[in-house]
Structure formats: C-alpha cells, structure tokens
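**Student:** Dumping the structure here so I can ask a few things about it.
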Amino acid sequence: MKKSADWFLPGMGAAVALAWLFPDPGAKGGSLQPELVNKLGVSLIFFLHGLMLSFDALAAGTRRWRVHLLVQASTFALFPLLGLALLAAFRVRLGAELSTGLFFLCALPSTVSSSVALTAAARGNVAVAVFNATLSSLLGVVLTPLWLSLALGTAEHALPFGSVVLDLLLWLVLPLVLGQATRPLLGRWATSNHKRINVVDRLTILLLVYTSFCDSVKGGVWRSGFTALAVSAAVSALLLAVALGLTWFAGRAMALERADRIAALFCGSTKSLASGVPMARLIFGAHPSLAFILLPIMIYHPLQLVVGGWLAGRLERQNAA
C-alpha cells in the first residue's frame, strides 16, 4: 500500500496539471469519450475491489457489533451532521459548488485499503477493519446519495434519488458482485498479482480525476481557486481532528478492546477517494463545477494518510511498550 500511496499522491497533482494544460480530450464530447470511459472506469474499479475482497477475512470480523455500530455511526451520522452544520453556517459565503463538495466529503463511505493498512500498522483488529470498510462501501451506495438528496434537495444540485441509486447499483454494486463471483476462478491469480491490480486501480482513479477537472478548466470556474483550496484544507483538517477525537474517546467510553478501538479510529475517520471520485462522476455527471465538488475529498485523502500514518506509528510504539 505504501508504494502505491507514494506515487499516487503526486499522480493526483499530475492529473490536475494535465487537465489544466490539455482539457479538450477529457472534457464533455472530447476524444477520450469521457461519458463512456468514466462509467467503464468506475465499473473496473469496483470489479477489482470485489475480486480482491476475501470473504473469509470479511466473515472473521462480523461479531463485534458494538465497534461496527461506532464506525458506521461516525461515517454516516457524525460526519453528515457536521456537514449539515457547515451548510447552515457557511453555505452563502462558500457558494453552492464548494458547499456541495464539503457535504459530499462528509457523506462518503470509509476507505478500504487505507483504513485496513493503518489498522494493521497500529496492531489493531484487522478483521474488524476489513468488515467495516467493506460494509461502509456497500452502505454508501444508498446512504451517500440519500444524505445528498436530503441536504441539497432545495439547492442548486437537487438530486433525483431513485435514478442516482439505480445508477450506482448498476455501475458500482453489480461489478463488485461480479468481482466477488469470479473470485473462485480468479482469486488465486488476483492474490499473486495484487500489486499490478493495485496499479490499474490507481491509474483508473487518476483518469477519473483528470476528466473531472477538464470540464471545469474549460468552463473557467477556477478563477477563485485559491480561496476554495484554503477553505477546503481548513475544513478538512477540522473534520479529521473531530472525527479522530470522538471515535477514540467514544470507543473508550464503550469499553472496547484496544485493538477494536484502533480499528474504529481509522475506519470511522477516513473517507474514500476511491469511491468518491466514481460516485461524483455518476451523481453529478459532467457538471462544469465538478472539480470544486471533488476538491475537499482530494485534500482530505492525503491529509488522512499523513495524520493516520503518524498515529499508526505512535499507537504501534505504545502497543510494543
């Protein structure tokens, strides 16, 4: 995971730079045919997730219902409620696009690879992390657009909830199920080639990032980009700090075992860029301000890796002591 993260973060910067320099191929109607390529890319990402998902590892973490409750409540209750508070206080000042992006960040599911890797590095309960990260991804197919529909129903980006969920089921859940169904045939090959599969997964996400920014560059929506960047960074840092603090102390108050608290800490505070970019493409389509909507999660993602990596090292040293 570490090698992927090392080149993936600069890769996001490169994808944005390419969109600035060469926006035409990835914009609507461009030579890359983004309307089709984006949906195929989304399907490929979730097919690979299904192919790599070990059912045995998932089943091993099913019985710890209290930690599951804490993680999912943090992901789909605490974060969205914080997002609603932000909308109530700052929507007029932030503007419709950035407000939508910040709430979209709050409504996203947890990560899979990052939360599991950080839990393992900190000597937490990996089986619990695998279960919760996977459950979060599945719940997000319904709960993310539901929260968006409720929060933005009277705003500029009002969502047709039923058609959005149907689209997500078709392009996200179905490929995930197909990947899991083909695991008996391809699972051994996928395990031995997991590094190559991870590279394909990351490159596909970078392609989606590129096409997401192309329309906004052509539409000239980045004239106030520095303000959006600064606000997104400040709010992302605040959200991460609140989520980390509340999940850790809530786990202690619930008398969870330390290994379970570590899993809850990382699963309940991380947000998935791997799910967020495909979901945004399906939910918001080729909206010219899609880059603004994606900006908060693109900032939150590296921030959670840096802070999570430091915390994992600190917790691992405490466990060793």
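**Student:** Against the definition (in contact with a Ser or Thr (Cβ under 7 Å, 6 or more places away or on another chain), touching a residue at least 24 places away in the same chain (Cβ under 8 Å) and polar (S, T, N, Q)), how does Thr182 come out, yes or no? Walk me through how you get there before you give the answer.
**Tutor:** Values: in contact with a Ser or Thr (Cβ under 7 Å, 6 or more places away or on another chain): no; touching a residue at least 24 places away in the same chain (Cβ under 8 Å): yes; polar (S, T, N, Q): yes.
Against the criterion (in contact with a Ser or Thr (Cβ under 7 Å, 6 or more places away or on another chain), touching a residue at least 24 places away in the same chain (Cβ under 8 Å) and polar (S, T, N, Q)), Thr182 does not qualify.
**Student:** Let me ask something additional. Restricting to segment 85-105, give me the number of residues that are part of a helix (DSSP H, G or I) and either within 23 Å of Arg281 (Cβ to Cβ) or at pLDDT 95 or above (or both).
**Tutor:** Pass one, segment 85-105, residues part of a helix (DSSP H, G or I): 85-94, 96-105.
Pick out the ones that are also either within 23 Å of Arg281 (Cβ to Cβ) or at pLDDT 95 or above (or both) and you get 87, 94, 96-105.
So the count comes out to 12.
**Student:** Residue check: is Leu305 farther than 30 Å from Lys28 by Cα and crowded, with 24+ Cβ neighbours inside 10 Å? Spell out how you get there, then give the answer.
**Tutor:** Details: farther than 30 Å from Lys28 by Cα: yes; crowded, with 24+ Cβ neighbours inside 10 Å: no.
No.
**Student:** Can I ask one more? Within segment 53-71, count every residue that is surrounded by fewer than 20 Cβ atoms within 10 Å (Cβ to Cβ) and at pLDDT 80 or above.
**Tutor:** The qualifying residues number 3.
Table: residues versus (1) in contact with a helix residue (DSSP H, G or I) (Cβ under 7 Å, 6 or more places away or on another chain); (2) modelled with pLDDT of 85 or more.
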| residue | (1), (2) |
| --- | --- |
| Asp260 | yes, yes |
| Cys267 | yes, yes |
| Lys271 | yes, yes |
| Met279 | yes, yes |
| Ala291 | yes, no |
| Ile297 | yes, yes |
| Tyr300 | yes, yes |
| Gly308 | yes, yes |
| Leu311 | no, yes |
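**Student:** Of all residues in segment 116-157, count the ones that are at pLDDT below 85 and charged (D, E, K, R).
**Tutor:** 1
The values are calculated or read from the model by the stated rules, or taken from the named source; none is laboratory data. Because the structure is predicted, anything quoted here is derived from the model rather than measured. FYI the Cβ positions are ideal-geometry reconstructions off the backbone, even for glycines, and counts take in every protein chain you see.
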